[in-house]
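These notes are about the structure you will find just below.
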Amino acid sequence: MTEPLRIVFAGTPEFAAEHLKALLDSPYEIVAVYTQPDRPAGRGQKLMPSPVKQLALEHDIVVLQPPTLRNAEAQAELAALKPDLLVVVAYGLILPQVVLDIPRLGCINSHASLLPRGRAPPPIQRAVEAGDSESGVTVMRMEAGLDTGPMLLKSVTPISAEDTGGTLHDRLAELGPPAVLQAIAGLAAGTLDGEIQDDSLATYAHKLNKDEARIDWNRPAIELERQIRAFNPWPISHSTLDGEALKVLAASAAEGKGAPGEILAASKDGLIVATGAGALCLTRLQLPGGKALNFSDLFNSRREKFALGTVLGQ
């Protein structure tokens, strides 16, 4: 009877934890888990373990959290584990070539885009924001370049007009784990060949930040509608109303003309706001100190805040 593959897993967020769950239920031996160092989170800025670390500890798996894998000590620690394969999912650290050369079968990565489109994080939100018709997960062999390695498997899903960054994330988190398991089986059997990426088709997903989520009402409504869906549940598109923060969680394109940011109409159906081209109907909002609510509820209780002619973002 052959020994099970010795796998080291490297990942950090919930997307990666879904992959680790599948590996823990597989016949492979998970000998250790690498994840980012604990980060401060919440109002108290208490150090919090990553979702991957929490899951690994629940299963008594060794957890390693080096700040870098570029030094000889961290590399020797990995080599001592004698891994057959390193599986990487949204880890967050660059792996130098010396690390990629350690596992017998190399290193594979589950990436949440249809490479070569959407290299680098965060491809999920960028796909929604760009209006892409489809996305998916690509399992690839890792190289020293950023998401440039040969593609082993792809799993595709359409992007609907209702998808948010959150719904697409959750769907890709379901597609990734079985694709990784299929790729591992193919690599172990020697039956899986990689497809070289066409670099001329590559696009790069630039890192998200909260400042970028500020709504620029001068932009066309169609672009803002996609941004609002893409940035839900993080970093959440936002503007201001009477100088106070206003978070916008859902909207749809609407008819209307006016100065960018001007409230054109308000009813239980939504808040109509002019943009640089067309208008948006805002249907789910969050005011300071409150929870996210459908606009119909806000209209009933806070109608006076949404007077016609008021300009958002001033």
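Among the listed residues Ile159, Ile184, Ile102, identify the single one that is buried (at least 23 other Cβ atoms within 10 Å of the Cβ) and either under 20 Å from Ala16 (Cα atoms) or in contact (Cβ under 8 Å) with a residue 12 or more places away in the chain (or both). Break it down into steps so the answer makes sense when it comes.
Values: Ile159 fails: buried (at least 23 other Cβ atoms within 10 Å of the Cβ); Ile102 fails: buried (at least 23 other Cβ atoms within 10 Å of the Cβ).
Answer to the check: Ile184.
Which residues, counting only those in the stretch 228-250, are surrounded by fewer than 17 Cβ atoms within 10 Å (Cβ to Cβ) and of a type in the set (A, V, I, L, M, F, W, C)?
Trp234, Ile236, Ala245
Of all residues in the stretch 105-123, count the ones that are buried (at least 22 other Cβ atoms within 10 Å of the Cβ) and without any contact (Cβ under 8 Å) to a residue 60 or more places away in the chain.
Here the count works out to 3.
Strands (runs of 3 or more DSSP E) wholly in the stretch 235-302 with at least 3 residues that are over 27 Å from Pro122 (Cα atoms) and either in contact with a helix residue (DSSP H, G or I) (Cβ under 9 Å, 6 or more places away or on another chain) or assigned by TED's automatic domain parsing to the domain that holds Gln125 (or both) - which ones?
Details: elements: 237-241, 244-254, 263-267, 270-274, 279-286.
Result: 263-267, 270-274.
Being more than 20 Å from the chain's Cα centre (by Cα) and under 16 Å from Leu78 (Cα atoms) is the filter here, so list the residues in the stretch 30-57 that pass it.
The answer is Ile30, Val31, Ala32, Val33.
Only one of Lys207, Lys247 is touching a His at 6+ places or on another chain (Cβ under 8 Å) and in contact (Cβ under 8 Å) with a residue 24 or more places away in the chain. Can you tell me which? Lay out the reasoning, then the answer.
On the way: Lys207 fails: touching a His at 6+ places or on another chain (Cβ under 8 Å).
Going through Lys207, Lys247 in turn, the sole match is Lys247.
Is it the case that some residue within the stretch 198-207 is more than 22 Å from the chain's Cα centre (by Cα) and under 22 Å from Thr157 (Cβ atoms)? Before you say what the answer is, go through the steps one by one.
Step one: list which residues in the stretch 198-207 are more than 22 Å from the chain's Cα centre (by Cα), which gives 198-200.
Filter once more, keeping what is under 22 Å from Thr157 (Cβ atoms): 198.
Yes, the stretch 198-207 contains a residue that is more than 22 Å from the chain's Cα centre (by Cα) and under 22 Å from Thr157 (Cβ atoms).
Does the stretch 42-55 contain at least one residue that is assigned by TED's automatic domain parsing to the domain that holds Leu181, without any contact (Cβ under 8 Å) to a residue 60 or more places away in the chain, touching a strand residue (DSSP E or B) at 6+ places or on another chain (Cβ under 6 Å) and among the basic types (Lys, Arg)?
yes
Taking Thr203, is it among the β-branched types (Val, Ile, Thr) and either in contact with a Phe, Trp or Tyr (Cβ under 7 Å, 6 or more places away or on another chain) or modelled with pLDDT under 95 (or both)? Lay out the reasoning, then the answer.
Working: among the β-branched types (Val, Ile, Thr): yes; either in contact with a Phe, Trp or Tyr (Cβ under 7 Å, 6 or more places away or on another chain) or modelled with pLDDT under 95 (or both): yes.
Spelling it out, Thr203 is indeed among the β-branched types (Val, Ile, Thr) and either in contact with a Phe, Trp or Tyr (Cβ under 7 Å, 6 or more places away or on another chain) or modelled with pLDDT under 95 (or both).
Would you check if Leu298 is modelled with pLDDT under 95 and closer than 30 Å to Asp147 by Cβ?
no
The values are calculated or read from the model by the stated rules, or taken from the named source; none is laboratory data. Being a predicted model, the structure only gives us computed values, none of them experimental. Ideal geometry is used to build each Cβ from the backbone, glycine not excepted, and the neighbour counts take in all protein chains shown.
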